[in-house]
Structures are given as C-alpha cells and as structure tokens.
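S.K.: One structure coming up, written as structure tokens, with questions to follow.
The values are calculated or read from the model by the stated rules, or taken from the named source; none is laboratory data. Quantities reported herein were computed from a predicted structural model and do not represent experimental measurements. Don't worry about glycine lacking a Cβ; one is built from the backbone with ideal geometry, like all the others, and counts go over all protein chains shown. With ligands, DNA and RNA removed, areas are computed over all heavy atoms of the protein, side chains included. Shrake-Rupley method; radii C 1.70, N 1.55, O 1.52, S 1.80 Å.
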Amino acid sequence: MSNVTPNNKTVCFYTIPATGHVNAMWGFMEKLNKEGFKVIAYSTLPFKEKIESSGAIFYEYNLKQDDIDLKDGSRLLKLYSLQLGYTYTMLDKLIEECSNIKPYCIIHDSIAHWGRRVGEVLDIPSVSYCSFVAVNSIFNSSFIKYFSNFFIDTLKDIKVISSVNKYKKGLKDKYNFKDFGFMNTLVNPQNLTIITYSKLLQVGGSGFSNKYFFAGPVSSCFKSQVINDFTLPNKKIIYISLGTILNDKIELFKLLIEELKKPEFHLCISDGAGLLNNMNLDKDFVTIRQNFNQIDLLNKVDAYITGGGTNSLSESISANVPMLMFPQQGEQKIICKKVEQLGFGLISNPNKSILEQVEKVLKLKEYWNYAISKEISTLYLDDAVERIIKYVEDKKWKIY
C-alpha cells in the first residue's frame, strides 16, 4: 500500500537544472497548470523565474548551480557517478517534502535519478520525461549508436568506480534500493516516458512500445522574455548558436566569423559565454547578443549554425530553416545524423571550408520536405496529458 494519499491536483516535477532540459519541460508545466493542476517544479535558483513564468511553483534543490557538472554528457561513467551522488545528497529532503505535498504524480527528467527514487519510496505514480535521444532497450539500434559514440569517453572515467560504489552502498543501506544497473540509472525508465520531440527524429523510433509517447517539440512552447531589439538587413541571415553548455569554443566562433565575412551575409551570434566581448566587429556584418528569442529569430533567418541540441534541431525544422550542425556530444551526433538523413541539415566537415558548407546548407531549401517538417513540428500535448492521467489512474488502482 502507498505511504501517501494523493492530492489529485498537484504534480511534482524534478528537473535537470540546464537550459535545454528546463525549456523542454516548460510547455508541459504550463499545459498542466492551465488544465487545473497545481505544478511544483524543483530546480536551482537560476531557473526560478523561468519556471514561475509557466505558472508553476518553484522549489529549490539543496544543491547550488556551481555544484552541478553538466559539461561532459558523453562521459557516461562520470554521469552515472554524478547522478548517484546528487541522489545521495538530496534524497532525504526530497522524500520528506514530497510526503507532505502528497502529489497526484511525479514527472521527472529521465536523467534525474532522484525523481525516480522519490516515487519508488513513496509509491507515487511516476512518469519519465526525456528531452534527448532515447534508448528503449539494450542492443537495439538506438543503444548501439549510443554505445559507439560514448564508449571511448566513458573509459576515461574508470577511476570514478570507487565513488559509484560508495553512493550505491549508502543508498542500499538506507533505503534498501535495488536495481542500480548502468543504463537504468542513466535513463530511469518508467512504464510511461514522455519524449519531447517527434518520433521521426528518434533512431529506431518505430520500434518503441506504447510505454513511450512522442509529444513533439515541446520546447517550442517556451515563451522567452528576451526581445530581439534590432532590425535585420536585407541579406542572407545566418544564426549561430552552439548551445548553453558547450558554448565556449572561441576558435570555432572566430573561424565562423572569418569565413562568413561576405557582403551577402549578416550573422546573428548567440554568445552566452561572453567570448566575443573584446572583439571589434562590424555591426553591419554581425549582431551579437548573450541570447536571442530563438523561436522568433528562427522565423527570420536563412540558415542556422547549431551545436546540435535536440530542442534547437526541432525548432529549426519547425521554422523550415536548414542547418549546419557541429555536434559536440554523443547524443548530438546521433540525432544530427538523423536530421542529415532527412535532408534538413548537414553535419560539419572539418576538411571543407565553412563558406562552402553554408552555401550547400542554403541549397537544402530547394529540396525541403515540408510534409515531414510539418509532422516533426506537430505538438501532441493534449494527448500526452490524457496518457498521463490514464496511466496514473490505472497505477493508483493497483497501488491503493
């Protein structure tokens, strides 16, 4: 029997405090709020304002943003250790608070291991929420591609095994937890997983069972407060953004600026890390901001140079903007390859000039498949909410 009597109007979200992950949850928080649910969302302080703008109530993790390491997503063994460490640090507080909240259900980021464990301890129906390339079983096509892209980087961190064992022992001794399998701990599957992009972008997507629901590009729902305070010239507009985590590639930025400095182009560069502050660049050629209202800007540009994050790829295809992609992590390499196969972008080739590649990207619009881009753009939030309610009601019937 469950330890809590559920509040039928409260949902607890456990986020990963990273921009792409929170943006992918934001539209779903807003949707549930409008459906009459009280949404409580956990994250770190830098995401408080963003979360509250969805109508959700912000709760703070007992972790500081500076304590969270998100830059090495390809190093799976390190990520495994970090997830267990964060869970070990936060779980007591999260269980106590959730026991008092008594939520209808838990929705946790698919790499928020602590969210899964809170639900397990309190017998609360839990849903996993995935905003990156999913893996539905060992040795299927998506797993094989993951393994091939991550294997070498993972071996670099063999020394973290000692900390992994320490955290596992601590969690087993205190909570009698089982199942610390490598992949299960990394992706934390539930009997329902909501995926925040189109099935057409998922490797082996047609082979996923009905435990997985592809809700479409949920990040496109995010209502940015950023105002694009500039007028674009009558030129080919190239938008450059390498993401919000791995955005410190100063030499790549310099190369892009140098090779694309042509009279027919105007560059819009998102420089979140402030790398270009001291460069004396011609404002007739380039517009630089710490960040843009990306959804708005994509509707006005001709090509997008991107780091290959899932949200950005989905948003660019939705805006019918072709991409030159610079994937920097294993999961980005996987989904960028899928986008290239669909004809919506090209993966950068270090042996060819940037200018040549951008010119090829611009020509992709001549063969653009608008039917597929429309399907990739389609949101299924209403259906996702219905799936969650049915899942929770079925689960509660078994529990209570």
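S.K.: So, in segment 100-113, how many residues would count as being touching a helix residue (DSSP H, G or I) at 6+ places or on another chain (Cβ under 6 Å) and either farther than 25 Å from S81 by Cβ or open to solvent by 10 Å² or more (accessible area, probe 1.4 Å) (or both)? Step through it out loud before you land on a result.
M.R.: From segment 100-113, those touching a helix residue (DSSP H, G or I) at 6+ places or on another chain (Cβ under 6 Å) are 105-106, 108-110, 113; that's our starting set.
Checking which are either farther than 25 Å from S81 by Cβ or open to solvent by 10 Å² or more (accessible area, probe 1.4 Å) (or both) leaves us with 105.
Residues in segment 100-113 being touching a helix residue (DSSP H, G or I) at 6+ places or on another chain (Cβ under 6 Å) and either farther than 25 Å from S81 by Cβ or open to solvent by 10 Å² or more (accessible area, probe 1.4 Å) (or both): 1 in total.
S.K.: Being of a type in the set (F, W, Y), assigned to a helix (DSSP H, G or I) and at pLDDT below 95 narrows it down to one of F143, F139, so name that one. Can you show your working first?
M.R.: On the way: F139 fails: assigned to a helix (DSSP H, G or I).
After ruling out the rest, the residue left standing is F143.
S.K.: Exactly one condition in (1) open to solvent by 30 Å² or more (accessible area, probe 1.4 Å); (2) modelled with pLDDT of 95 or more is not met by W397; state its number.
M.R.: Just one mismatch for W397, condition (2).
S.K.: Determine whether E30 is among the charged types (D, E, K, R), more than 22 Å from P103 (Cβ to Cβ), part of a helix (DSSP H, G or I) and within 19 Å of the chain's Cα centre (by Cα). Quick ask: steps written out before the conclusion?
M.R.: Values: among the charged types (D, E, K, R): yes; more than 22 Å from P103 (Cβ to Cβ): no; part of a helix (DSSP H, G or I): yes; within 19 Å of the chain's Cα centre (by Cα): yes.
Criteria not met by E30.
For every residue, the table says whether it meets (1) open to solvent by less than 10 Å² (accessible area, probe 1.4 Å); (2) in a loop (DSSP other than H, G, I, E, B); (3) under 23 Å from A384 (Cβ atoms); (4) of a type in the set (K, R).
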position	(1), (2), (3), (4)
F47	no, no, yes, no
I51	yes, no, yes, no
D66	no, no, no, no
L84	yes, no, no, no
Y88	no, no, no, no
E97	no, no, no, no
R117	yes, no, no, yes
Y129	yes, no, yes, no
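S.K.: Looking only at residues that are over 18 Å from L267 (Cα atoms) and small (G, A, S) in segment 346-376, which one is farthest from the chain's Cα centre (by Cα)?
M.R.: A371
S.K.: Follow-up question, since we're still on this one. Do you know which residues across segment 366-394 are open to solvent by less than 40 Å² (accessible area, probe 1.4 Å) and either under 19 Å from M323 (Cβ atoms) or among the hydrophobic types (A, V, I, L, M, F, W, C) (or both)?
M.R.: To start, the set of residues in segment 366-394 that are open to solvent by less than 40 Å² (accessible area, probe 1.4 Å) comprises 368, 373, 376-377, 381, 384-385, 388, 391-392.
Selection gives W368, S373, I376, S377, L381, A384, V385, I388, V392.
S.K.: So, one more: Based on what the data block shows, is K262 open to solvent by 20 Å² or more (accessible area, probe 1.4 Å), under 22 Å from S377 (Cα atoms) and either within 20 Å of the chain's Cα centre (by Cα) or touching a residue at least 12 places away in the same chain (Cβ under 8 Å) (or both)? Even if it seems obvious, please write down each step before you answer.
M.R.: On the way: open to solvent by 20 Å² or more (accessible area, probe 1.4 Å): yes; under 22 Å from S377 (Cα atoms): no; either within 20 Å of the chain's Cα centre (by Cα) or touching a residue at least 12 places away in the same chain (Cβ under 8 Å) (or both): yes.
It is false that K262 is open to solvent by 20 Å² or more (accessible area, probe 1.4 Å), under 22 Å from S377 (Cα atoms) and either within 20 Å of the chain's Cα centre (by Cα) or touching a residue at least 12 places away in the same chain (Cβ under 8 Å) (or both).
This table checks each residue for (1) more than 19 Å from V127 (Cα to Cα); (2) of a type in the set (V, I, T); (3) surrounded by fewer than 19 Cβ atoms within 10 Å (Cβ to Cβ).
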residue: D179; (1), (2), (3): no, no, yes
residue: N188; (1), (2), (3): no, no, no
residue: L192; (1), (2), (3): no, no, no
residue: S198; (1), (2), (3): no, no, no
residue: S206; (1), (2), (3): yes, no, yes
residue: S209; (1), (2), (3): no, no, yes
residue: A215; (1), (2), (3): no, no, no
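S.K.: For residues that are more than 19 Å from Q290 (Cβ to Cβ) and in a loop (DSSP other than H, G, I, E, B), tally how many sit in segment 213-228.
M.R.: 3
S.K.: Within segment 236-247, identify whether any single residue is in contact with a His (Cβ under 8 Å, 6 or more places away or on another chain) and not in a strand (DSSP E or B), and answer yes or no.
M.R.: No, segment 236-247 contains no residue that is in contact with a His (Cβ under 8 Å, 6 or more places away or on another chain) and not in a strand (DSSP E or B).
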